[in-house]
1. Could you check the range 1-91 for helices (runs of 4 or more DSSP H) lying wholly inside it with 1 or more residues that are surrounded by 14 or more Cβ atoms within 10 Å (Cβ to Cβ) and at pLDDT below 90?
2. Looking at (1) under 30 Å from ASN85 (Cα atoms); (2) open to solvent by 30 Å² or more (accessible area, probe 1.4 Å), find the lone condition where GLN173 falls short.
3. How many residues are open to solvent by less than 60 Å² (accessible area, probe 1.4 Å), part of a loop (DSSP other than H, G, I, E, B) and without any contact (Cβ under 8 Å) to a residue 40 or more places away in the chain when one looks only at the range 207-243?
4. In the range 51-93, which residues are hydroxyl-bearing (Ser, Thr, Tyr) and out of contact with any helix residue (DSSP H, G or I) (no Cβ under 6 Å at 6 or more places or on another chain)?
5. So, ASN204, is that one outside any loop (DSSP other than H, G, I, E, B), touching a residue at least 24 places away in the same chain (Cβ under 8 Å), under 14 Å from the mean Cα position of the chain (by Cα) and under 14 Å from ILE105 (Cβ atoms) or not?
6. Only residues in the range 99-115 that are on the phi > 0 side of the Ramachandran plot count as the first member; pair them with residues that are among the polar types (S, T, N, Q), Cβ under 8 angstrom, at least 6 apart or cross-chain, and list the lot.
Amino acid sequence: MGRPTSVSNFVLDLTRKDKGINRRLPQEVIEYGYDLRKKTGRDPDSKESYCGTFVYLGRGENGEVLELHDWLHWKTPDKTITVANVTPTAILPYLSNDEGSIFSIIDYCDILSHAVFEEPQKIFRVQNPMKWQPNEIDGFYLSSINERVTVYPVETKASSTDDDINLVQMNGQYETFVTKMQNQQMAPASIRPLAIKMQGGGLNVAVLEKNAMYHPITNKAAPYFIICNIVRIEFNPRIPSWE
């Protein structure tokens with residue numbers, strides 16, 4: 001097999017969905033205890049862009065193959081909320097079913113406030129997208145309640161792409177916020193990542209927090225984040241282009 005025309009796109013295709021380690025790597029590599037992880041940024045010496053990295057996991061206690069948990073696996077929603085669809089009627093015929101349309105609905109219908117607080121006007125958009133390379137953030141939102149500021153990096157996936165939420169990418173976004181705060185380019189704040197997937201005419205919203213069990217050296221196979229809760233958002237009336 002020859003070298004792919006674009007190594008970056010080749011690795012992206014392998015890590016776009018969690019299809020299991022046997023779909024990401026040949027058995028010869030798996031036998032050595034490695035898995036493949038998406039990676040962004042540039043090599044500090046060569047300045048070439050990363051497209052992925054091999055991660056050594058070794059073997060489990062009983063010799064079993066270990067693999068990465070770099071994708072969000074949705075569980076049954078903890079609750080379902082029906083939100084009034086107040087999107088202007090005139091724009092609905094022009095609304096698509098891609099990620100950009102998700103943010104239109106998020107803002108028109110105040111979705112994040114309902115999902116996180118179950119109250120309106122609690123979370124507000126700062127900027128979409130936030131182009132902090134190498135980890136561009138789909139959506140940047142903020143709440144300030146009783147002088148406690150929380151920032152919400154938002155990652156979205158539309159039904160038109162059928163991609164999984166990649167936690168490596170979300171961790172890069174999280175670390176970008178940490179770096180910005182440490183460099184005093186942003187005021188101190190709590191960071192609450194949100195993952196949103198369009199499904200069945202509505203939205204599934206996962207509220208995440210950093211997994212204390214993950215360690216870049218001693219426990220690389222642990223998920224970057226744990227799910228605090230998942231909220232299912234339904235709309236009344238429904239969104240025609242999302243059906």
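1. Working: elements: 7-15, 21-24, 27-30.
It comes to 7-15.
2. (2)
3. The number of residues fulfilling the criteria is 2.
4. We begin by selecting, within the range 51-93, every residue hydroxyl-bearing (Ser, Thr, Tyr); these are 53, 56, 76, 80, 82, 87, 89.
Matches in the range 51-93: THR53, TYR56, THR76, THR80, THR82, THR89.
5. On the way: outside any loop (DSSP other than H, G, I, E, B): yes; touching a residue at least 24 places away in the same chain (Cβ under 8 Å): yes; under 14 Å from the mean Cα position of the chain (by Cα): yes; under 14 Å from ILE105 (Cβ atoms): yes.
Yes.
6. Pairs that qualify, where the first residue is on the phi > 0 side of the Ramachandran plot and the partner is among the polar types (S, T, N, Q), are ASP110/GLN121.
The values are calculated or read from the model by the stated rules, or taken from the named source; none is laboratory data. In this text, all values refer to a predicted model and were calculated from it rather than measured experimentally. No Cβ is skipped: glycine too gets one built from the backbone with ideal geometry, and neighbour counts run over all protein chains shown. Just so you know, the surface numbers come from the protein's heavy atoms only, side chains and all, with ligands and any DNA or RNA stripped out. Shrake-Rupley method; radii C 1.70, N 1.55, O 1.52, S 1.80 Å.
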